[in-house]
Number of protein chains: 2
Amino acid sequence: MTTTGEGTDHRAPSGPPAAAADLPAATVRRLPEYLRALSSLGESGIETVSSETLAAATGVNSAMLRKDLSQLGASGMRGVGYNVAALAAYIAGVLGLTKDSRVAIIGLGHLGQALARYPGFSERGFDIVGLFDADPGIIGKDLDGIRVRDVTLLAGAVRDEGINIGVIATPGAAAQHVADLLVDAGVTSILNFAPCVLAVPQGVAVRKVDLAVELQILSFHEHHKTIGRANAIERS
Amino acid sequence: MTTTGEGTDHRAPSGPPAAAADLPAATVRRLPEYLRALSSLGESGIETVSSETLAAATGVNSAMLRKDLSQLGASGMRGVGYNVAALAAYIAGVLGLTKDSRVAIIGLGHLGQALARYPGFSERGFDIVGLFDADPGIIGKDLDGIRVRDVTLLAGAVRDEGINIGVIATPGAAAQHVADLLVDAGVTSILNFAPCVLAVPQGVAVRKVDLAVELQILSFHEHHKTIGRANAIERS
DNA sequence: GTCTGTGAACCACTTCACAGCG
DNA sequence: CGCTGTGAAGTGGTTCACAGAC
């Protein structure tokens, strides 16, 4: 399945990930990190982990980890710690990773092609099932067994193939149009790599990743590395 | 230069980006967005912009934009707004984009190759001057005119070629080793795409981008899209 | 009148510190 | 005795609302 790959042999070790609907955004952001650290621990054969250890592996404060997990409604044995396999399964459940997501990538320039071939997606339960572009020079191309289709076929594919996440890797100028296509077709989760702000209706979740922005933030720190004010750089 | 490309003809329109050293992290994160929006406005020939308009273009509250800019020490004419070209130049100065940065990418799998060819980097003043990998099958390969070198040559290249930003696009298992090489060679800014937490000494800035994490956060929202609680999804 | 700059209130998240369970 | 779970305190960031410049 998606998560541990190791651990003991029970399928659903903990109770059902019940009422974990309105977690703080900051907590949600950390859950994938916890999950990754737990997978890594599980592969090392470790069965139990303390909040202190797991927090160190994810770069957070142990109290925050405990608070996150308790808000989430889960586990932990006092005096002992957390069961690695059970906790991983629980978090995976909260994140909705029990059922694989179906992803379309729109825009297959260099970045889009790299995303299409990035093994980390399928490894973690995200099936890339559709590739779309507007450039006739790219349409028809085969990327690791998936053929790039014309973007005009996007809406039909979303419906017919159960696509529920759209990844926009087009130039900025095309991004809003693609977002509109996705939203009209019923997609409510979008990951945007284009350098622009997308307008979407309420209820549609958009996350934005701008690689150049990250470099510019580093540039800022680099530029102001004069005095010994080297604190507060992490987690900026 | 790095930023507007358009606008009026004065080179250094505003005063020197003086004492903007210890800005709040949240502000620094937004500066590149402001800059991008300003570039876009400048290309449209717009010379002046109100905080309201610029805030809308970047998806933030106008009061926050004004506060950011005033903290930064800059500009603004009451009753009128901000001079687009001057403000862009000012922000570029604060971010340290007046001098181009020299970037090395380590790890040239699919993602690293895409990053090496991503035009957005050079467009915004980041010169990719070094590509390094440990795989003999990749070393020697030419990517858009840059030859991939053996990672053992990294330290020397950092010193000889003035590399000041390292981008790690290796598998997780190799990332810490590469980070150590970079730090030992004197690099103090690292952008990490590997799915792991890096340990670095104080004074070294690390930013982490994990593409799968972004999808997992979307998965969470997708999974909990039951009730009409569609607020607070943006900016999570 | 318009739009900036900013004190004050508000809110969210983080850290501390410790009570309580195993 | 160790480690979780959590109230309480602290911190940082956002929004409000308005005084003041143009």
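Inside region B:174-220, can you point out the residues that are in contact with a helix residue (DSSP H, G or I) (Cβ under 7 Å, 6 or more places away or on another chain) and in a strand (DSSP E or B)?
B:Ser189, B:Ile190, B:Leu191, B:Asn192, B:Ala205, B:Arg207
Between a first residue in region B:30-56 that is touching a residue at least 40 places away in the same chain (Cβ under 8 Å) and at the interface with chain A (Cβ under 10 Å from one of its Cβ atoms) and a second residue that is within 16 Å of DNA strand C (Cβ to nearest atom) and assigned to a loop (DSSP other than H, G, I, E, B), which pairs have beta carbons less than 9 Å apart while being 6 or more apart in sequence or on different chains?
Final answer for the pair search is B:Leu31/B:Leu23.
Looking at region B:53-72 only, could you name the residues that are over 26 Å from B:Thr98 (Cα atoms) and within 6 Å of DNA strand C (Cβ to nearest atom)?
Answer for region B:53-72, where residues must be over 26 Å from B:Thr98 (Cα atoms) and within 6 Å of DNA strand C (Cβ to nearest atom): just B:Ala63.
Output yes when any residue across region B:37-46 is outside any helix (DSSP H, G or I), within 16 Å of DNA strand D (Cβ to nearest atom) and of a type in the set (A, V, I, L, M, F, W, C), and no when none is. Working first, answer last.
Taking region B:37-46 and keeping what is outside any helix (DSSP H, G or I), we get B:44-46.
Keeping just the survivors that are within 16 Å of DNA strand D (Cβ to nearest atom) gives none.
Checking region B:37-46: not a single residue is outside any helix (DSSP H, G or I), within 16 Å of DNA strand D (Cβ to nearest atom) and of a type in the set (A, V, I, L, M, F, W, C).
List the helices (runs of 4 or more DSSP H) inside region A:73-168, counting only whole elements, that have at least 3 residues being closer than 18 Å to B:Ala212 by Cβ and within 16 Å of DNA strand C (Cβ to nearest atom). Spell out how you get there, then give the answer.
Numbers: elements: A:84-95, A:110-117, A:119-123, A:154-160.
Answer list for region A:73-168: none.
Against the conditions (1) small (Gly, Ala, Ser); (2) within 15 Å of DNA strand C (Cβ to nearest atom); (3) under 17 Å from A:Leu23 (Cβ atoms), where does A:Ser50 fall short? Just the number, please.
Of the numbered conditions (1) small (Gly, Ala, Ser); (2) within 15 Å of DNA strand C (Cβ to nearest atom); (3) under 17 Å from A:Leu23 (Cβ atoms), the odd one out for A:Ser50 is (3).
Table: residues versus (1) open to solvent by 20 Å² or more (accessible area, probe 1.4 Å); (2) in contact with an Asp or Glu (Cβ under 9 Å, 6 or more places away or on another chain).
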position	(1), (2)
B:Gly156	yes, no
B:Ile165	no, yes
B:Ala179	no, no
B:Leu182	no, no
B:Thr188	yes, yes
B:Asn192	no, yes
B:Ile217	no, no
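The values are calculated or read from the model by the stated rules, or taken from the named source; none is laboratory data. Just so it is clear, the structure is predicted and the values come from calculations on it, not from any experiment. Neighbour counts are summed over all protein chains in view; Cβ atoms, including those assigned to glycine, are modelled from backbone coordinates with ideal geometry. Quick note on the areas: whole protein, heavy atoms, side chains included, nothing else; ligands and nucleic acids left out. Shrake-Rupley method; radii C 1.70, N 1.55, O 1.52, S 1.80 Å.
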